[in-house]
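K.L.:
What follows is a single structure, and I will ask about it in a moment.
The values are calculated or read from the model by the stated rules, or taken from the named source; none is laboratory data. What you are looking at is a predicted structure, and each value in this text was computed from that prediction instead of being measured. For neighbour counting, all protein chains shown are included, and Cβ atoms are generated from backbone atoms with ideal geometry for every residue, glycine included.
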Amino acid sequence: MVSASDILFNHGTSVAPLGLIAMSGTEEMAAKIDHYLVDWAHKGGYDWDTFLIDCECPRFSSGDGKGLIKSTIRGKDLFILVDVGNYDIKYQMFDQKNGMSPDDHYQDLKRIIQAASGKAHRINVIMPILYGGRQHRRNYRESLDCACALQELERMGVDNILTVDAHDPRVHNAIPLMGFDNMMPSYQVLKAMFQTIPHLKTTPDEFMVISPDEGALNRNMYYASMLGVQMGMFYKRRDYAKIVNGHNPIVAHEYLGNSVEDKDVFIADDIISSGESMLDIAYALKERKARRVFCYATYGLFVNGLEKFDKAYEDGYIDAVFGTNLTYRTAALLSRPWFHEVDCTKYLSYYIAALNHDVSIGKVIDPNAKVKALLERRNKENA
């Protein structure tokens, strides 16, 4: 495995000088990424204070906006970090304060891309939670927001897009001639879980992986295969005669798999939205006498609040919920005893370093190798 400092800022291999732009709401994430990049630069013998480039998208009183980059970007390999899920950012329109929707964040991203066009050497977009990602397919007279957005970014001159745990990675088919990477933070999740629950036993007799539905099979199959344990799954039985909030309502979650009795179980999904499906599955697993239930979602949105999860934790139905720092988390969520954060900023930093030098991400970080090394260390410690 090659260390990041061995390849970072080698002028013989870098595409162009690196620049990092943090859109509104990503400042905390960008500061951590910048810290890693600067540290690697220093280890490589280069004296950089920061790679961050200041920008803003000010608004006129009518609500119209514009993109403004405040320092030179000419000739830079530009990485633009955006969190379309951060609803805590506000802007003034007439006499009202409006929270930014995913549409507002996406529009501001396009403004900054416009401001950079013709000046930056290359434009790369890091969009962990993919804009329109949940509207990845259509039935009858529906829009295809994600596919159209990706095609629009391609037309605007974006060279590469990085997302993390896309709701459906097949959306890449909309832009077959453009760089598109869908990263999975599997190593970071397992590392966080082992650190939080140090005596967790992941043997076939003690542990199972459960897929919450058929759409999450691949990510859960990966965990089960790497850990060498059995996997079960639930499928959603829906009432296709009704439509509620744009969806056919779920009637029940049916379980397929071996017994979970007296075993710890791990459930992985990409998004916890309202959390009702995750809680229904946790209740069903406890009814089947599962010992402990650990939940993970790359993006913990909790759109209906935290009270139901508080009660499920207090009543012993869930033991921990893991989520990444790749989108906005409320202070209330971070304070909950059942929530544990998975830091993915170093992973993104590795990606930026590799792409800036046009080398394979596997040369810097091979997730499979790191997971195997992590499990080997745990096995030695528990031997």
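Rundown of residues vs (1) of a type in the set (D, E, K, R); (2) closer than 30 Å to Leu144 by Cα; (3) at pLDDT below 95, yes/no style:
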| position | (1), (2), (3) |
| --- | --- |
| Pro17 | no, no, yes |
| Leu20 | no, yes, no |
| Ala41 | no, no, yes |
| Tyr46 | no, no, yes |
| Arg59 | yes, yes, yes |
| Ser62 | no, yes, yes |
| Leu81 | no, yes, no |
| Tyr91 | no, yes, yes |
| Asn98 | no, yes, yes |
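K.L.:
Shifting gears a bit: Which one is surrounded by the most Cβ atoms within 10 Å (Cβ to Cβ), of the residues in segment 98-115 that are touching a residue at least 12 places away in the same chain (Cβ under 8 Å) and of a type in the set (D, E, K, R)?
P.N.:
Asp108
Residues are listed down the side, and each one gets a yes or a no for (1) surrounded by fewer than 22 Cβ atoms within 10 Å (Cβ to Cβ); (2) at negative phi; (3) at pLDDT 95 or above:
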residue: Lys308; (1), (2), (3): yes, yes, yes
residue: Asp319; (1), (2), (3): yes, yes, yes
residue: Thr327; (1), (2), (3): no, yes, yes
residue: His340; (1), (2), (3): yes, yes, yes
residue: Asp343; (1), (2), (3): yes, yes, yes
residue: Tyr350; (1), (2), (3): yes, yes, no
residue: Ala353; (1), (2), (3): no, yes, no
residue: Val359; (1), (2), (3): yes, yes, no
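K.L.:
Identify the single condition in (1) among the polar types (S, T, N, Q); (2) closer than 24 Å to Pro128 by Cβ; (3) outside any strand (DSSP E or B) that Asn98 does not satisfy, given that it satisfies every other one.
P.N.:
Among (1) among the polar types (S, T, N, Q); (2) closer than 24 Å to Pro128 by Cβ; (3) outside any strand (DSSP E or B), Asn98 violates only (3).
K.L.:
Kindly list, by first and then second residue, each pair from a residue in segment 240-264 that is in the same structural domain as Thr202 (by TED's automatic domain parsing) and under 17 Å from Val229 (Cα atoms) to a residue that is surrounded by fewer than 13 Cβ atoms within 10 Å (Cβ to Cβ) and at pLDDT 70 or above, limited to pairs with Cβ atoms under 6 Å and residues at least 6 apart or on different chains.
P.N.:
Glu261/Lys289
K.L.:
Moving to a separate point now. For segment 207-221, give me each residue that is among the small types (Gly, Ala, Ser) and either over 18 Å from Gly275 (Cα atoms) or not in a strand (DSSP E or B) (or both).
P.N.:
Of segment 207-221, the ones among the small types (Gly, Ala, Ser) are 211, 215-216.
Gly215, Ala216 - these are the residues of segment 207-221 that are among the small types (Gly, Ala, Ser) and either over 18 Å from Gly275 (Cα atoms) or not in a strand (DSSP E or B) (or both).
K.L.:
Counting only residues that are in a strand (DSSP E or B) and either touching a helix residue (DSSP H, G or I) at 6+ places or on another chain (Cβ under 8 Å) or at pLDDT below 95 (or both), how many does segment 101-141 have? Outline the logic, then answer.
P.N.:
So in segment 101-141, the residues in a strand (DSSP E or B) come out as 122-126.
Those still in the list that are either touching a helix residue (DSSP H, G or I) at 6+ places or on another chain (Cβ under 8 Å) or at pLDDT below 95 (or both) too: 123-126.
The number of residues fulfilling the criteria is 4.
K.L.:
Only residues that are crowded, with 16+ Cβ neighbours inside 10 Å, small (Gly, Ala, Ser) and without any contact (Cβ under 8 Å) to a residue 40 or more places away in the chain: list them for segment 142-178, please.
P.N.:
Result: Ala147, Ala174.
K.L.:
I'd like to know if segment 39-50 contains one or more residues that are in contact with an Asp or Glu (Cβ under 6 Å, 6 or more places away or on another chain) and either surrounded by 19 or more Cβ atoms within 10 Å (Cβ to Cβ) or in contact (Cβ under 8 Å) with a residue 24 or more places away in the chain (or both). Step through it out loud before you land on a result.
P.N.:
Here is the first cut: in segment 39-50, the residues in contact with an Asp or Glu (Cβ under 6 Å, 6 or more places away or on another chain) are 50.
Still in the running and either surrounded by 19 or more Cβ atoms within 10 Å (Cβ to Cβ) or in contact (Cβ under 8 Å) with a residue 24 or more places away in the chain (or both): none.
Within segment 39-50 (the criterion being in contact with an Asp or Glu (Cβ under 6 Å, 6 or more places away or on another chain) and either surrounded by 19 or more Cβ atoms within 10 Å (Cβ to Cβ) or in contact (Cβ under 8 Å) with a residue 24 or more places away in the chain (or both)), the answer is no, since none of the residues qualifies.
K.L.:
Another question, if that's okay. Based on this model, can you work out whether Pro128 counts as under 22 Å from the mean Cα position of the chain (by Cα) and surrounded by fewer than 23 Cβ atoms within 10 Å (Cβ to Cβ)? Explain how you work it out, then say what you get.
P.N.:
Working: under 22 Å from the mean Cα position of the chain (by Cα): yes; surrounded by fewer than 23 Cβ atoms within 10 Å (Cβ to Cβ): no.
In short, no.
K.L.:
Name the residues in segment 71-105 that are among the hydroxyl-bearing types (Ser, Thr, Tyr) and within 19 Å of the chain's Cα centre (by Cα), would you?
P.N.:
If the condition is that a residue be among the hydroxyl-bearing types (Ser, Thr, Tyr) and within 19 Å of the chain's Cα centre (by Cα), then Tyr87, Ser101 are the ones that fit.
K.L.:
Just one of the numbered conditions (1) in contact with a helix residue (DSSP H, G or I) (Cβ under 7 Å, 6 or more places away or on another chain); (2) at pLDDT 95 or above; (3) part of a loop (DSSP other than H, G, I, E, B); (4) of a type outside the set (Asp, Glu) is not true of Ile33; which one?
P.N.:
(3)
K.L.:
Looking at segment 118-139, I want the residues that are in the same structural domain as Met23 (by TED's automatic domain parsing) and have a partner that is in a loop (DSSP other than H, G, I, E, B) and polar (S, T, N, Q) with Cβ atoms under 6 Å, at least 6 apart or on another chain. Which pairs are those?
P.N.:
Pairs that qualify, where the first residue is in the same structural domain as Met23 (by TED's automatic domain parsing) and the partner is in a loop (DSSP other than H, G, I, E, B) and polar (S, T, N, Q), are Ile129/Thr327.
K.L.:
Now a separate question. Among the residues of segment 64-87, write down those that are part of a loop (DSSP other than H, G, I, E, B), surrounded by 13 or more Cβ atoms within 10 Å (Cβ to Cβ) and charged (D, E, K, R).
P.N.:
Within segment 64-87, Lys66, Lys76, Asp83 qualify.
K.L.:
Could I ask something else about it? Being touching a strand residue (DSSP E or B) at 6+ places or on another chain (Cβ under 6 Å) and small (Gly, Ala, Ser) is the filter here, so list the residues in segment 38-90 that pass it.
P.N.:
Selection gives Gly63, Gly65.
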